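Trainee: This structure is in structure tokens; I'll ask about it shortly.
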């Protein structure tokens with residue numbers, strides 16, 4: 001009897017653990033990116049604001065750089081937390097949607113991942129009020145992420161001897177087509193064999209008549 005970990009796990013993780021891991025990694029990634037961007041922006045802003053009142057003493061330069069470093073650090077932390085909330089929220093939404101579709105279909109495959117990616121991209125576009133061109137990019141990015149992550153998961157399952165349902169369906173279609181082809185070839189061979197036997201019988205019957 002299969003358990004939830006068997007048929008709904010991805011990357012060896014059950015849904016709850018996977019969602020927590022995705023959200024944590026997404027938040028950390030967002031914090032790092034946001035801190036870098038926020039620090040640079042704060043540094044440039046500080047230089048612009050103090051370009052007309054540069055210090056003239058060694059002590060003045062010391063406090064100038066000390067204040068600049070403080071501004072850069074605080075700006076990076078603030079923007080880092082904002083980015084962490086956004087990226088973590090998107091990863092959480094993606095994981096929840098993907099897990100919900102997995103549970104509804106009783107299977108974890110690339111189809112669910114692609115749908116979750118497109119849905120998350122649409123949610124992001126709606127919340128941020130992107131332009132029409134940016135909406136297309138957001139949907140394409142979500143679909144690409146879903147296809148890549150879901151495809152890798154399906155590949156891992158296939159290697160482990162647990163192919164997804166669409167692969168099994170394709171195999172059944174191919175096997176059925178092969179069986180029909182074999183049956184048709186057997187029928188054609190039987191017809192040819194029967195025709196050859198009938199012609200041989202006609203020749204045998206005609207030989208005594210000629211004698």
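Trainee: Remind me, relative contact order of region 4-163 in percent, using alpha carbon pairs under 8 angstrom and six or more residues apart? Mind showing how you got there, number by number?
Mentor: On the way: 201 pairs, mean separation 41.1, N = 160.
Answer for region 4-163 is 26 percent.
Trainee: Listing 46, 62 from the residue with the fewest other Cβ atoms within 10 Å to the one with the most, what is the order?
Mentor: 62, 46
Trainee: Also, quick follow-up: Could you line up 174, 31 from fewest to most neighbouring Cβ atoms inside 10 Å?
Mentor: 174, 31
Trainee: What's the FRET efficiency of residue 70 with residue 28 using the Cβ-Cβ distance as r and R₀ = 25 Å, to the nearest 0.05?
Mentor: According to the calculation, E is roughly 0.60.
Trainee: Something else now. Just how far, in whole angstrom, is region 90-156 from region 22-58 if you go by their alpha carbon centroids?
Mentor: Region 22-58 and region 90-156 have Cα centres separated by 32 Å.
Here, each number is a calculation from the coordinates, and none is a lab measurement. The model shown is predicted, which means the values in this text are computed figures rather than measured ones. No Cβ is skipped: glycine too gets one built from the backbone with ideal geometry, and neighbour counts run over all protein chains shown.
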